[in-house]
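This report refers to the structure that appears directly beneath it.
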Amino acid sequence: MKFTLSWLLDHLDTTAALSEIVETLTRVGLEVEGVDDPSQKYDGFVVAQVLEARRHPNADRLKVCIVDAGGDPIQVVCGAPNARTGMKSVFSPVGTYIPGKKITLTKGVIRGVESNGMLCSAAELELSNDHEGIVELPDDAPVGMAYARFEGLDDPVIDVALTPNRPDATGVAGIARDLAAAGLGALRAREPKAIEGFFECPTKVRLHFAPADAHLCPAFALRLVRGVRNGPSPEWMQKRLRAIGLRPINALVDITNYVTFDRGRPLHVFDFNKVHGDLTVRRGRKGESVLALDARTYEIDESIVVIADGKGVESIAGIMGGEHTGCDEATTEVLIESALWDPTNIAQTGRKLAIVTDARYRFERGVDPAFCVPGCELATELVLELCGGEPSHMIVAGDPPATARTIDFPYSEVKRLVGVDIPQGEGEAILDRLGFGVEDGKVSVPSWRPDITVKADVVEQILRIAGIDRAPTTPLPRLDGGVTPSVLAPLQKRTRLAKRTLAALSLREAVTWSFIGKRAAEMFGGGQPSLALANPIAADLSDMRPSLIPGLAAASERNARRALKDVALFEVGQVFLGAGEDEQRMAAAAVRRGRARSSGEGRGWDRGGIVDAFDAKRDAMALLDGLGVAKAVQIVPGGPAFLHPGRAGTMQFGPKNVVGWFGQLHPTTCEALGVEGPIVGFEIILDGIPTPKAKQAKAKPKLERSDFMPIERDLAFIVGESVRAGDVVKAAQSAERGLIADVGVFDVYQGKELPEGSKSIAINVTLQPRDRTLTDPEIEAAVARIVVEVTKRTGAILRG
């Protein structure tokens, strides 16, 4: 919900600064997402008059201008053909940032003549693409006045994030009511006045529903205004609509958009001369369609409520009008409609047709039913003021439903529910300012608050206006009086632990889109059909992600293009393997590129080069170790098709429980993602990892660090080229489990010195004595047992 500061002040009498308004909005639950103050863009620009414009002595196309900007005359060199003595324009002094050129002005010398600023074109001010001449201002423009103020560009735009339960805040008037209740000023009462009609409305309205469907349109107000002049809307209205992102069309249409945002009351206007006969509000019929105002044709069915005339459907009720009866500059007779629609039906229709409009946004949340007729009166008032004409009597089909609701409310509920002692007089005054009635332990709810249904809702209103910071912070008690236990589910605990573990590996956390392009979704989807969105926000964000890697790879590429080539990122988030709830999984993934290598120690391997698959494996194993399951995981060579063959591995807990992979992205994968390789990474499905086995109560105590020096021995074996290094490591570990502390590979070699079809694998074995220093014969015996075990299991030969 966007609005300008001046728009808010139409409804709120206050002297509060913008910063105080913004802070108060967030405090009362209307979170401010952003404030756009266009005056900051034109800070320093002023209205100036050219006192003299003479030809530059050293350039035919340049002029030397003497400018009055509200102080001492300033000399400026200007190349605009329209620069002339006596004109008024926009001047930017030295030190001003020019938005159209993306530069900050400095004092300069142009062809031997000093220049101390600039007379600006519309392109340099980013007002248009016109750069042929400088801006020409009216003769009555006051010299020295800030340009933003002169043009009315000093009206900040406030963007508020609304929760679905606040339909009253979808209009500026409702937001002003909250601020007034919070003590930031007084609400300006601006109730629409009743408009006297001069003739009967010739168009009748029929609500054609079965009794069970009467809720689909409880009331429909209509009035004809004839003799209107439908030109452009006034500049003040156009400025406000542009400021919030709406395109002014014509006065009649702009009025409906203005009332939608001003009061949260969507309206619609029909060109009377394009309507054929009376209007009927009914369910749609199979086979019907309507060409809507967005120039698209929508198929209608029985679930959709429509407004039809004698020729067929003319409007999708509560969402969008039809093109055939739209108002344009030739409209002289206009029908103004203000109706009530069922919120659930509007939401279902909007989703079915994939239409998002400001009207739908409000109707599906629930507009004020008591403002149905006043909304039509307000629109009529604006039409008469801006377009002239003569109004008919208003006709109302149906009857706006009674909304009076009373809630029993002992004031002691405030203290009981939130633990805050707010004086009763203060609390009742808050309710009164919000439009609630309080009398004899009962609270009457205003028509614009359909979300208030129980006592707790009333307490919430008091607390949010009084200040939620007044609520004490109290830990949840335990029955045994101990510390509050963790309420996190096992997967939540695992997710938090995964984030901490990955962050400790010098990886930076990223949060990427849950949507990716279709090609990437198919590539990483394991052969499954991609999960396409019905209404994507962009062509390259068309499908739900089956993997975190495409988003992380794209993020690393954006960093690389900004000279941060050595990037290491991780993300923990949901992936979508299908449409079912059980196919939404929690995953952890990381990517590295450039020289952003993992910090693991390596002996013999190049630790100064670019990343490789071993960095990804090290990260993945570190995560599994942090989760307590590293010893149970099995590493199988190879991985998904998007990985480089021979530079990838699969992690599994048994042949049927594959939980992830690691490796280097294939060059064709990088090309498809639009990233430059090499990129390595891993991905693990966290909710696929088995829970670590609980330790037995009588488990042996964990051995403390030994007081005896470890002994290291290097052993090189000649094995067949199909033998995996991991098999050699496992064989060595099994030889002396009580003595061997670690086994690691530090070299793999194939060359002319070795027999054909073989390779050399060199391992480093660490022996850690626990109770005494080992003698040389004991060390040699342990090494001999390792050689025997490796030879027996892998067919290896000890290399001399």
message: Using a Cα-Cα cut-off of under 24 Å, which lysines could be cross-linked to LYS455, ignoring same-chain neighbours fewer than 8 residues away?
response: LYS415, LYS442
message: Give me Rg/Rg_expected for region 358-498, where Rg uses Cα atoms only and Rg_expected = 2.2 N^0.38 Å with N residues.
response: 1.60
message: Need one number: % antiparallel among DSSP beta bridges in the chain, to the nearest 5.
response: 95
Rounded to whole Hz, the Karplus (6.51, -1.76, 1.60) HN-Hα couplings of region 628-642, x for glycine and proline: x, 10, 4, 5, 8, 6, 10, 9, 10, x, x, x, x, 5, 7
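Dividing the Cα radius of gyration by the Kirkwood radius, what Rg/Rh value follows for region 272-384? Walk me through the numbers on the way to the answer.
Details: Rg = 14.0 Å, Rh = 14.7 Å.
Computed over Cα atoms, the ratio is 0.95.
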- prompt: Along the charge dipole of the chain, which of ALA16, ALA725, PRO667 sits closest to the positive end, that is, farthest toward it, with unit charges on the beta carbon of Lys, Arg, Asp and Glu (+1, +1, -1, -1)?
  reply: ALA725
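For region 264-371, with every protein chain kept in place, what is the accessible area per residue (1.4 Å probe, Å²)?
On the way: 4200 Å² over 108 residues.
Accessible area per residue: 39 Å².
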- prompt: Percent of accessible area on region 50-164 owned by carbon and sulfur, 1.4 Å probe?
  reply: 49
task: With everything on Cα atoms, drop me the angle between helix 776-794 and the longest principal axis of the chain, reported from 0 to 90° to the nearest 10.
output: 70
- request: Using Cα centres only, tell me the gap between region 710-758 and region 389-438 in whole Å.
  value: 79
message: If you average the alpha carbon positions of region 84-100 and of region 196-214, how far apart do those two centres end up, in angstrom?
response: 59
query: Mean 1/r over all different Cα pairs, inverted: what Kirkwood radius does region 87-164 give, in Å?
result: 14.6
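Within region 367-500, what whole-number % of the accessible surface is contributed by carbon and sulfur, with the 1.4 Å probe and all protein chains included in the calculation? Present the calculation step by step, with values, prior to reporting the outcome.
On the way: 4040 of 7250 Å².
Within region 367-500, the accessible surface is 56 percent carbon and sulfur.
Please compute the Kirkwood hydrodynamic radius of region 162-258 from all pairs of different C-alpha atoms, in Å with one decimal.
Values: mean 1/r = 0.0569 Å⁻¹.
Across region 162-258, the inverse of the average 1/r is 17.6 Å.
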- line: Filtered hits (aspartates and glutamates, Cα-Cα < 18 Å from LYS752, offset >= 8 within chain) -> GLU721
message: Could you tell me the center-to-center distance, by alpha carbons, between region 783-800 and region 262-306 in angstrom?
response: 84
- line: Rounded to a whole number, the Stokes-Einstein D of region 556-681 in µm²/s (Kirkwood radius over Cα pairs; 20 °C; 1.002 mPa s) is 138
- line: Projected onto their principal axes, the Cα atoms of region 1-111 stretch, largest extent first, over whole-Å spans of 64, 26, 23
message: 7 Å from Cα along Cα→Cβ at both SER19 and ARG416: what's the point-to-point distance in nm?
response: 4.3
- prompt: Once amide H atoms are placed 1.01 Å from N in the peptide plane, what residues at a sequence separation of 5 or more from LEU62, or on another chain, have their amide H within under 5 Å of its amide H?
  reply: HIS56
- prompt: How much of the calculated P(r) for the chain lies past 46 Å, in percent of all Cα pairs?
  reply: 51
query: So how tilted is helix 490-503 from the main axis of the chain? Cα-based, degrees 0 to 90, rounded to 10.
result: 80
task: Quick one: compute the contact order of region 32-120, relative version, from alpha carbon pairs under 8 angstrom and 6+ residues apart, as a percent.
output: 27
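If you place +1 on the Cβ of every Lys and Arg, -1 on the Cβ of every Asp and Glu, and leave all else neutral, what size is the dipole of the chain about its Cα centre, to the nearest 20 Debye? Before the final figure, lay out the partial values.
Details: 95 positive and 106 negative charges, 701 e Å.
I would put it at about 3360 debye.
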Rounded to 10°, Cα long-axis angle of helix 343-353 versus longest principal axis of the chain: 70
- request: Please state, rounded to one decimal and in Å, the Kirkwood hydrodynamic radius that region 740-800 gives when every pair of distinct Cα atoms enters the mean of 1/r.
  value: 13.4
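Send over the per residue convex hull volume for region 44-192, Cα only, as a whole number of Å³. All intermediate terms of the calculation are to be shown ahead of the outcome.
Values: hull volume 26.8 nm³, N = 149.
Output value, Cα hull per residue: 180 Å³.
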message: How much length would be gained if the chain were fully extended between ILE635 and ARG508, taking 0.36 nm per residue of separation minus their Cα-Cα distance, in nm to one decimal?
response: 43.1 nm
query: What residues have an amide H closer than 5 Å to that of MET118, excluding those fewer than 5 places away on the same chain, when H is modeled at 1.01 Å from N in the peptide plane?
result: SER92
- prompt: Taking +1 at the Cβ of each Lys and Arg and -1 at the Cβ of each Asp and Glu, which of GLY467, ALA534, GLN492 sits farthest along the dipole of region 461-587 towards its positive end, judged by Cα position relative to the Cα centre?
  reply: GLY467
- prompt: Past the 19 Å Cα-Cα mark, which pairs from LYS499/LYS656; LYS63/LYS88; LYS499/LYS617?
  reply: LYS499/LYS656
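Taking only DSSP H segments of four or more residues, each worth -39500 (n - 2.57), what value at 222 nm results for the chain once the sum is divided by all its residues, to the nearest 500 deg cm²/dmol? Don't skip to the answer; put the middle values down first.
Details: 20 runs with 201 residues, N = 800.
After summing the helix terms and dividing by the residues of the chain, the value is -7500 deg cm²/dmol.
The values are calculated or read from the model by the stated rules, or taken from the named source; none is laboratory data. From a predicted model like this one, the values you see are computed outputs, not experimental measurements. In this analysis, Cβ positions are derived from the backbone assuming ideal geometry, glycine residues included, and neighbour counts consider all displayed protein chains. Just so you know, the surface numbers come from the protein's heavy atoms only, side chains and all, with ligands and any DNA or RNA stripped out. Shrake-Rupley method; radii C 1.70, N 1.55, O 1.52, S 1.80 Å.
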